[in-house]
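Notes for the one structure printed next.
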Amino acid sequence: MRSFATGGARLLKALVPAVILAPAIIAWSSARDSLTVQPQSRLWVEGTSTVRGFECKATSFQSHVEATGPTAVSAVLAGEKGVSGVELTIPIAQLDCGNGTMTDHMRKALKATENPEIVFHLSSYDLAKAADGVQATLNGTLNLGGVEKPIVVNADVKEGADGALHVVGVHEIMMKEYGLKPPSLMMGTMKVNERVKVRFDLLLK
């Protein structure tokens with residue numbers, strides 16, 4: 001009986017540290033298997049109007065990039081699929097067009113009250129090695145103004161500073177395809193073209 005008790009005590013003594021450390025190990029694994037968008041990253045909307053061009057910057061946005069492992073960056077740069085999922089969320093309230101009136105009109109045009117976020121969700125992607133990096137074709141869905149549509153986004157991927165993944169691209173959107181009415185300012189004198197371009201310059205690490 002004493003032998004059994006001693007063995008049980010030893011087993012318990014060995015298990016306690018493992019139980020205590022388990023949450024930390026899980027958290028470490030989760031952090032290791034994801035890529036974080038670095039503060040230097042940029043995302044903005046470019047457009048034209050009957051008066052002048054404009055640019056609306058996303059002053060902040062959220063992202064969730066799932067990686068297949070700790071070597072995700074090097075895998076992608078080698079043309080291998082080191083990322084298993086991407087979701088990008090842009091709060092419309094964080095769009096700044098550099099002019100208060102234009103910003104208000106753009107947020108209204110994007111139906112910010114009813115649908116406060118623009119969300120891109122990656123469904124699948126393909127990579128192709130290029131002379132100066134990797135070319136990515138991203139297939140996914142874009143939810144804009146409460147309307148979700150499938151889209152294809154092309155991006156250039158290179159090695160960034162400090163071992164980061166540098167992803168640059170642009171996607172053209174026709175606002176009316178999402179049921180959105182382009183802004184009109186100055187008593188209708190300035191009308192925004194429904195064709196806008198979403199540009200991104202991201203650093204992932």
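Scanning the stretch 26-38 turns up one or more residues that are under 30 Å from residue 144 (Cβ atoms), modelled with pLDDT under 50 and part of a helix (DSSP H, G or I). Answer yes if at least one residue in the stretch 112-122 is of a type in the set (Asp, Glu) and in contact with a helix residue (DSSP H, G or I) (Cβ under 9 Å, 6 or more places away or on another chain), and no otherwise. Looking through the stretch 112-122, at least one residue is of a type in the set (Asp, Glu) and in contact with a helix residue (DSSP H, G or I) (Cβ under 9 Å, 6 or more places away or on another chain). Just to confirm my filter: which strands (runs of 3 or more DSSP E) fall fully inside the stretch 95-187 and include at least 3 residues that are loosely packed, with under 12 Cβ neighbours inside 10 Å and out of contact with any Lys or Arg (no Cβ under 6 Å at 6 or more places or on another chain)? Those strands (runs of 3 or more DSSP E) span 117-130, 147-159. Cβ-Cβ distances below 8 Å connect the following pairs, each with a first residue in the stretch 54-74 that is over 12 Å from residue 34 (Cβ atoms), a second residue that is surrounded by 13 or more Cβ atoms within 10 Å (Cβ to Cβ) and of a type in the set (Ser, Thr, Tyr), and a separation of six or more residues or different chains: 54/48; 56/103; 61/89; 62/89. Exactly one residue out of 84, 74 is in a helix (DSSP H, G or I), out of contact with any Leu (no Cβ under 6 Å at 6 or more places or on another chain) and closer than 27 Å to residue 133 by Cβ, and it is 74. Can you confirm whether the stretch 59-67 contains a residue that is in contact with a strand residue (DSSP E or B) (Cβ under 8 Å, 6 or more places away or on another chain), more than 18 Å from residue 159 (Cβ to Cβ) and surrounded by 17 or more Cβ atoms within 10 Å (Cβ to Cβ)? Taking every residue of the stretch 59-67 in turn, at least one turns out to be in contact with a strand residue (DSSP E or B) (Cβ under 8 Å, 6 or more places away or on another chain), more than 18 Å from residue 159 (Cβ to Cβ) and surrounded by 17 or more Cβ atoms within 10 Å (Cβ to Cβ). Out of all the residues in the stretch 42-70, which are over 13 Å from residue 103 (Cα atoms) and polar (S, T, N, Q)? Passing the criteria: 48, 49, 50, 60, 62, 63, 68.
The values are calculated or read from the model by the stated rules, or taken from the named source; none is laboratory data. A quick note: this is a predicted structure, and the numbers were derived from the prediction, not measured. Every residue, glycine as well, gets a Cβ built from its backbone with ideal geometry; the counts of neighbours run over all protein chains shown.
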